[in-house]
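Following: one structure in structure tokens, then a few remarks.
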Amino acid sequence: MSFGDLGEAFAWIESFTNLERSPALFNPRSYQLDRMRALCAASGDPQRAVPTVHLAGTKGKGSTAVLIAEGLRHAGRRTGLYTSPHVSSYRERIRVLSGGGSRAGADEAEGPSEGLLLSQAEELRGLVEGLPGKLLEEYGPPSTFELLTLLAFRTFRASDCDIAVVETGIGGRLDATNLVLPELTLITPIELEHTEVLGDTLEAIAWEKAGIIKPGVPVICAPQKSEAETVLRSAARERGCPIAFLDEELSELDVQCTPEGTRVRLRLRDGAGQELRLAMLGAHQGENAAIAFLALRRLGVPAAAATAGFAAAVLPARMELLRRRPPVVLDGAHTPRSVARVLESFVTLFPGRGILLFAAAADKRIAEMAAILAPAFRAVVITTTGSQRESRPEEAYRQFAAVNPATVLAPDPAAALERALAMADPGLPVLITGSFYLAGEVRRAWARRGAAAGRPRAAAPDRGEAKR
């Protein structure tokens with residue numbers, strides 16, 4: 001029986017264990033590569049069909065991946081792009097960017113088509129249903145992320161991609177993406193995250209991320225804390241890989257932000273200089289752009305193509321400006337370091353103490369984020385991440401109220417959005433952050449507001465949406 005549409009296909013994929021939504025389900029049986037290796041083999045190893053750029057890290061890897069993919073597209077290369085998480089629709093995760101660089105027809109320039117995704121999903125279901133019982137008994141059923149990853153690999157192969165840019169999910173060493181044979185490996189900034197899975201020290205987490213480093217494959221790294229840098233250098237040395245750190249490759253990096261975008265001026269130690277203009281907002285995008293530029297240079301992409309690609313690159317819920325006047329900014333930052341970087345850019349672009357709308361999953365470092373965010377705002381609205389991920393809004397309320405007494409609790413995300421906008425009236429800036437799940441809820445609520453007002457549904461999910 002065929003899927004009726006992509007919603008049904010993604011609902012089937014979500015019927016398997018979703019470790020993104022329920023991290024407590026991680027265990028040695030669920031988090032290993034043998035099952036994914038068997039799934040790929042049953043599909044004819046599609047992950048080997050397309051040359052790959054592979055990225056791991058804690059922050060910035062999604063933005064960096066999109067910048068690299070757009071640079072490759074503008075160089076004329078048909079490029080697969082696999083990122084996570086999505087904000088409104090699973091289709092955000094699997095994209096095919098046609099070479100040629102024209103942004104005039106984004107629908108034509110980007111794919112894959114719904115028909116191709118549906119056919120690949122139907123073949124994938126047949127493959128899973130035909131798996132030997134012995135294999136399932138030994139390894140257990142596949143996870144949602146494994147099936148999404150295999151769907152991406154199969155789609156890139158079926159689309160005749162010249163190259164793919166693939167972002168890891170959690171960690172690296174045992175991540176479902178780690179069966180690719182990359183041409184280039186990138187490591188973005190590493191910090192404490194998913195400690196229940198990856199380890200509770202920076203060294204342990206860096207070791208997991210370093211698991212994507214393959215023998216002889218060049219590695220480009222963002223600046224790292226000393227503990228993480230030591231681990232990455234050791235892994236590269238053991239595997240015979242040339243490794244370059246961004247702060248050692250640059251002699252100059254200047255970043256200027258406006259509400260219209262971000263300008264980056266960089267100069268390499270060999271004297272080469274470049275000016276880049278990004279549609280994406282935020283000072284932190286300067287470092288992402290610099291590491292992406294180094295990667296494209298290593299891949300032989302002309303500077304002009306990189307420049308054009310960076311100007312076109314966008315990604316939902318990364319300093320996304322939902323409204324310009326008064327400003328409403330949406331970002332999925334969910335760690336202390338990432339919210340600090342978002343806050344720095346937000347107050348630079350939109351001075352004055354505005355309104356914060358915040359929610360975070362229960363396993364996040366909420367007290368640390370409260371200490372960073374709460375003092376910077378006139379008032380704070382605490383809500384939930386929605387129904388797809390456990391959150392503890394009462395605990396978050398206590399943490400924020402202890403720092404900023406002008407904190408209120410509004411558990412429903414849509415109602416919380418209206419509360420924050422009302423508190424911002426007539427002209428205070430609003431920042432919405434703490435979770436990609438919250439970002440998805442807000443984008444849907446924002447689309448409904450636009451539809452009710454007769455405006456285009458710019459933030460509405462497409463037909464491929466499935467609940468997260």
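The values are calculated or read from the model by the stated rules, or taken from the named source; none is laboratory data. Just so it is clear, the model here is predicted, and its values are computed rather than measured. Every residue, glycine as well, gets a Cβ built from its backbone with ideal geometry; the counts of neighbours run over all protein chains shown. For accessibility, only protein heavy atoms count, side chains too; no ligands or nucleic acids. Shrake-Rupley method; radii C 1.70, N 1.55, O 1.52, S 1.80 Å.
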Evaluate the range 246-258: report whether one residue or more is under 30 Å from Leu330 (Cα atoms), in contact (Cβ under 8 Å) with a residue 24 or more places away in the chain and touching a Pro at 6+ places or on another chain (Cβ under 7 Å). yes
Any chance the range 383-400 includes a residue that's more than 27 Å from Ser84 (Cβ to Cβ) and either open to solvent by less than 10 Å² (accessible area, probe 1.4 Å) or modelled with pLDDT under 95 (or both)? yes
Flag for Ala236 being in contact with a strand residue (DSSP E or B) (Cβ under 7 Å, 6 or more places away or on another chain) and part of a strand (DSSP E or B): no
Pairs, first farther than 16 Å from Thr168 by Cβ in the range 204-228, second open to solvent by 30 Å² or more (accessible area, probe 1.4 Å) and part of a loop (DSSP other than H, G, I, E, B), C-beta under 9 Å, six or more apart: Pro215/Arg239; Pro215/Gly240; Gly216/Arg239; Gly216/Gly240; Gly216/Pro242; Pro218/Pro242; Glu227/Thr201
Scanning for something of a type in the set (Phe, Trp, Tyr) and touching a strand residue (DSSP E or B) at 6+ places or on another chain (Cβ under 8 Å), does the range 420-436 turn up at least one residue? no
Residues satisfying the stated conditions in the range 68-95, i.e. among the aliphatic types (A, V, I, L, M), touching a Ser or Thr at 6+ places or on another chain (Cβ under 9 Å) and farther than 17 Å from Asn18 by Cβ: Ile68, Ala69, Leu72
Boolean, Leu186 is under 17 Å from Gly80 (Cβ atoms), part of a helix (DSSP H, G or I) and among the aliphatic types (A, V, I, L, M): no
Does any residue of the range 259-273 turn out to be under 26 Å from His86 (Cβ atoms), open to solvent by less than 20 Å² (accessible area, probe 1.4 Å) and either aliphatic (A, V, I, L, M) or free of Cβ contacts under 8 Å to residues at least 60 places away in the same chain (or both)? yes
Can you find, within the range 320-337, the residue that is nearest to the chain's Cα centre (by Cα) among those that are open to solvent by less than 30 Å² (accessible area, probe 1.4 Å) and closer than 13 Å to Arg443 by Cα? Gly332
Which residues, taken from the range 407-418, are of a type in the set (A, V, I, L, M) and surrounded by 14 or more Cβ atoms within 10 Å (Cβ to Cβ)? Val408, Leu409, Ala410, Ala414, Ala416, Leu417
